[in-house]
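Remarks on the structure that follows.
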Amino acid sequence: QVQLVESGGGLVQAGGSLRLSCAASGSIFSFNVMGWYRQAPGKQRELVADMTSGGSTNYPDSVKGRFTISRDNAKNTVYLQMNSLKPEDGAVYYCAAANKYGIIYWGQGTQVTVSS
């Protein structure tokens, strides 16, 4: 059973930075895509960043230039570096991973709060 465990969330002032981590229970090589999503109260879950097994990355315009996704294969961990945080970045952030069969696994989420 695949498990994804996020950490690194917390409270930060606007303009600050946080780094989220997502530790997988197995090798992240088994996943075609790994990514980060977020969901704010009353809003739909949205993609924040993803990375293919080949290293290609994708970001929506709302975070482009501020957020960076990366991976450490030796640690089976994916990171999300978030800089220049804005109050509207506050949400629960989820790690997700999709394998070659199209099965998607989700972490439990970590809260990010950005104060103005």
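The values are calculated or read from the model by the stated rules, or taken from the named source; none is laboratory data. Source: prediction; values computed, not measured. Neighbour counts are summed over all protein chains in view; Cβ atoms, including those assigned to glycine, are modelled from backbone coordinates with ideal geometry. Surface areas here come from the heavy atoms of the whole protein model, side chains and all, with no ligands, DNA or RNA. Shrake-Rupley method; radii C 1.70, N 1.55, O 1.52, S 1.80 Å.
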Using a Gaussian network for the chain with springs between C-alpha atoms less than 10 Å apart, which of these wobbles most: 56, 21, 30? 56
Can you send over the carbon and sulfur percentage of the accessible area for the chain, probe radius 1.4 Å, protein chains only? 48 percent
Quick check on segment 1-41: what are the equivalent-ellipsoid semi-axes from the Cα gyration tensor, as sqrt(5λ), descending, whole Å? 25, 11, 10
Using a Förster distance of 22 Å, the FRET efficiency for residue 73-residue 32 (Cβ separation, nearest 0.05): 0.95
Give, rounded to the nearest 20 debye, the magnitude of the charge dipole that segment 37-88 has about its Cα centre when Lys and Arg contribute +1 at Cβ and Asp and Glu contribute -1 at Cβ. 100 debye
Taking only the alpha-carbon atoms of the chain, the convex hull volume per residue, in cubic angstrom, is 95 Å³
Hey, how many Å between the Cα centroid of segment 84-98 and the Cα centroid of segment 22-71? 9 Å
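Can you tell me how much longer the chain between residue 108 and residue 56 gets when fully stretched, taken as 0.36 nm per residue apart minus their C-alpha distance, in nm with one decimal?
Computed gain between residue 108 and residue 56 is 16.2 nm.
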Just how large is the dipole of the chain about the Cα centre, in debye to the nearest 20, putting +1 at every Lys and Arg Cβ and -1 at every Asp and Glu Cβ? 60 debye
